[in-house]
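*Asks:* This is the structure I have questions about; it appears just below.
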Amino acid sequence: MAQEKKAGLLRRTSSSKKPLKEKVVLMYDEIFTDDPAKTNPRFWDELFLMKVNLEYLEGKLESLDGDEVMVVKDNINSLFHHCVLALEEEHQIKVVNALQTLCALFRGVHQKNKSATGFDIINMLVGFDKAELRMKVSHMFSVAFGELFQKMNVFVFQVTDNISQNTILEYVMINSIFEAILQIVSDVSSRGQHGYDAVVLLALLVNYRKYESVNPYIVKLSIVDDEPTLDVSMQYKNKEEENHGGFFSTLTSMVGNMFIADTEEKLSVQTNEAILLALYEAVHLNRNFITVLAQSHPEIEMTAAPVTPIPTTPTSLGTTPPSLDMMHNPELPLDPNLQTSNLLITFLKYSSIVMQDTKDEHRLNSARLCLIILTCIAEDQYADAFLHDDNMNFRVNLHRMPMRHRKKAADKTIPSRPLVCAVLDLMVEFIVTHMMKEFPMDLYMRCVQIIHKLICYQKKCRIRLHYTWRELWSALINLLKFLLSNETTLLAKHNIFQLALQVVSLFNMFITYGDTFLPTPSSYDELYYEIVRMHQVFDNLYCMVLRVSTNVGQWKEPASKVTYALVNVRAIINHFNPKIESYAAVNHISQLSEDQVLEVVRSNYDTLTLKLQDGLDQFERYSEQPKETAFFKELVRSISVNVRKNVSLNTLSQDVLLKEFSSIS
């Protein structure tokens, strides 16, 4: 009996025994109850030698209620202060553990106070009385050890999916880290490994509440002139390396690594969206970047594959671009066998891959962003001048989608032409290959608008571009044919009259002004030949828009606009068709050849009457607000989610950070 009681006592003692806490957890508890240095002067030295328990520290912060937070605010300030001090330690383990602790502090405090302003959170972490001093220390650290700080920045700034709800960034808007980011990417040794993080971080900062208030990062990015050396801190002025590049050089390098060799291999679409966003912001905001698009350098031929696979990890994205001396040298080698390239060629090739498959949402976003970038380029006078420069010819091997109804392109030498030809080829390729059930109306509109803007420039500057215009005309007519064949299905989702009007307006541009920019008189004859040859499509389009415009409904007005736009096309058809039939009857020919039809066309221009239509060479310039606002908000959210996945707490493990830290020294 006595033994049973003893056994029961033992069991009760055993079951009530609390599990032992690891030492670092006990030290965290001390921080939140009192000033631990009072009883142990070496407390902070010992803390940062301990392996961080991120989960416990974050949970501890989140578990505090409002009153408790105010009670321990000074303790949190003290922890933050000692983390910053530890960043200046020579002991690598201390620096790494301080970094991890800072990340846990930022995330824990933000999760606990999602509705708080950025200033409230900074006050809770740092204390306003000491915030400036500690941010300056942290800023100095960012210059000296940018690689590790970059990881912390990207993680800290991604505490929410919607970056505009991350109130911590309000403080970063006032206390800019723009120069620190540029310092990281301007140094070859650091940008090769961590340039990706820097560029993505800057792209995200540019998009913080950009539609609600003045964003200083937009202003700063818009005036960057890509000086190779940025004197961010006098402390490091004497450590400048000769082989420096800037933000533009880094971005150029990254876009060059967005290719994929095997069509069976999936694109790392989220990663590319981030880089494309950075490219878009550079093109859209900074006119200086347009000149970077045109900088030529020798192209390195690859025998195994025409393109380079996309790295699967962000840290492997950065590669050293061609030397700046070569890129800026106007006296490029004149070896006819040496193909030159530039960022725009790289971008066009990449776009031709991305735009092949738009069924996936991420690829659709990438394709849309590629077309928006091309829209900005097509509107820029300097870019247009470069695109059309007959003395700057390039061979651009765009990727073509395999299709059953067209023969596989035979291997042949691609002609060397002005780059605008490659842009037009890309637009034609998209038009031909995306007439499908899930019709990407938005992308088609952008394609046709890009073509229109390029032709407006040619008309304005009287540039007679030697291009196979018939391929473009054929693609546009087939597009109209597709719209007619799928009228009911498409009208349930899209305003097809808007697209039809854009296409017909393009033909009106050629009809009205073609004599000023088509390469030869015979090209103008061929335009009329194509219109007459495919007259059934235009006749059917007229019947359709006339039917819709005479009935009451939502499409009455847009259909009426197409009816009016078809006036000259119908005049051409009604003028030449009877004359062609008469020529065939007089000469007893059942079917005329192309040359015979062209002869009839040339002989009957004089009696053709056309109406002059206003505004054909006018277009609405690209504006991000308000039309693109929803797209960019969702795109930034998608990128933000992906960055959070890539830069997780796991990637901030002590082993990984120590390995990276050792590579810096």
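*Asks:* Mind listing the phi-derived Karplus ³J(HN,Hα) values for segment 541-548, rounded to whole Hz, using 6.51, -1.76 and 1.60 with θ = phi - 60°, and x for any glycine or proline?
*Replies:* 3J(HN,Hα) across segment 541-548, in whole Hz: 5, 4, 4, 5, 5, 5, 4, 5.
*Asks:* Now a separate question. Considering the options LEU479, CYS370, MET392, tell which one lies farthest towards the positive end of the dipole of segment 356-486, charges being +1 on Lys and Arg and -1 on Asp and Glu at the Cβ, about the Cα centre.
*Replies:* It is LEU479, whose Cα lies furthest towards the positive end.
*Asks:* Highest mean first, how do 602-611, 567-576 rank when packing is the count of other Cβ atoms within 10 Å averaged over residues?
*Replies:* By packing density, highest mean first, the sequence is 567-576, 602-611.
*Asks:* Please give the length that would be gained between LYS21 and TYR622 if that part of the chain were fully extended, namely 0.36 nm times their separation in residues minus their C-alpha to C-alpha distance (nm, one decimal). Provide the component values of the computation, followed by the final result.
*Replies:* On the way: separation 601, 0.36 × 601 = 216.36 nm, distance 6.04 nm.
Full extension from LYS21 to TYR622 adds 210.3 nm.
*Asks:* To the nearest 20 Debye, how big is the dipole of segment 384-505 about its Cα centre, given +1 on the beta carbon of each Lys and Arg and -1 on that of each Asp and Glu?
*Replies:* 300
*Asks:* With a Förster radius of 35 Å, plug the Cβ-Cβ distance of ASN162 and LEU49 into 1/(1 + (r/R0)^6) and report the FRET value to the nearest 0.05.
*Replies:* 0.40
*Asks:* At a Förster distance of 30 Å, what's the computed FRET efficiency of LEU608 paired with ARG462, Cβ-Cβ distance as r, to 0.05?
*Replies:* That gives a FRET efficiency of 0.85.
*Asks:* Now for a different question. Given a Förster radius of 35 Å and the C-beta distance between ALA385 and VAL219 as r, what FRET efficiency does 1/(1 + (r/R0)^6) yield to the nearest 0.05?
*Replies:* 0.80
*Asks:* Please report the net charge: other residues with Cβ closer than 9 Å to the Cβ of ALA378, K and R +1, D and E -1.
*Replies:* -2
*Asks:* Under a 5 Å amide H to amide H cut-off, with H placed in plane at 1.01 Å, what residues pair with SER341 once short-range neighbours are removed?
*Replies:* Under 5 Å from the amide H of SER341 lie the amide H atoms of HIS297, GLU299, each far enough along the sequence or on another chain.
*Asks:* Please compute the modelled spin-label separation between ARG287 and SER485, points set 7 Å along Cα→Cβ, answer in nm with one decimal.
*Replies:* Placing both labels 7 Å beyond Cα along the Cβ direction yields 4.6 nm.
*Asks:* Tell me, what ³J(HN,Hα) does each residue in segment 504-519 have, in order and in whole Hz, if you take phi through Karplus 6.51 cos²θ - 1.76 cosθ + 1.60 with θ = phi - 60° and put x for Gly and Pro?
*Replies:* 5, 5, 4, 5, 5, 4, 5, 5, 7, 10, x, 5, 9, 9, 6, x
*Asks:* For segment 523-638, with all protein chains present and a 1.4 Å probe, just round the carbon and sulfur fraction of the accessible area to a whole percent.
*Replies:* Carbon and sulfur together cover 49 percent of it.
*Asks:* Under unit Cβ charges (Lys, Arg +1; Asp, Glu -1), what dipole magnitude, rounded to 20 debye, does segment 481-550 have relative to its Cα centre?
*Replies:* 360
*Asks:* Put +1 on the Cβ of each Lys and Arg and -1 on the Cβ of each Asp and Glu in segment 370-506; which of TRP469, VAL423, GLN449 then has its Cα farthest toward the positive end of the dipole?
*Replies:* The Cα lying farthest towards the positive end belongs to TRP469.
The values are calculated or read from the model by the stated rules, or taken from the named source; none is laboratory data. Just so you know, these numbers come straight off a predicted model, no measurement behind them. Every residue, glycine as well, gets a Cβ built from its backbone with ideal geometry; the counts of neighbours run over all protein chains shown. Keep in mind that these areas ignore ligands, DNA and RNA; they rest on the heavy atoms of the full protein, side chains included. Shrake-Rupley method; radii C 1.70, N 1.55, O 1.52, S 1.80 Å.
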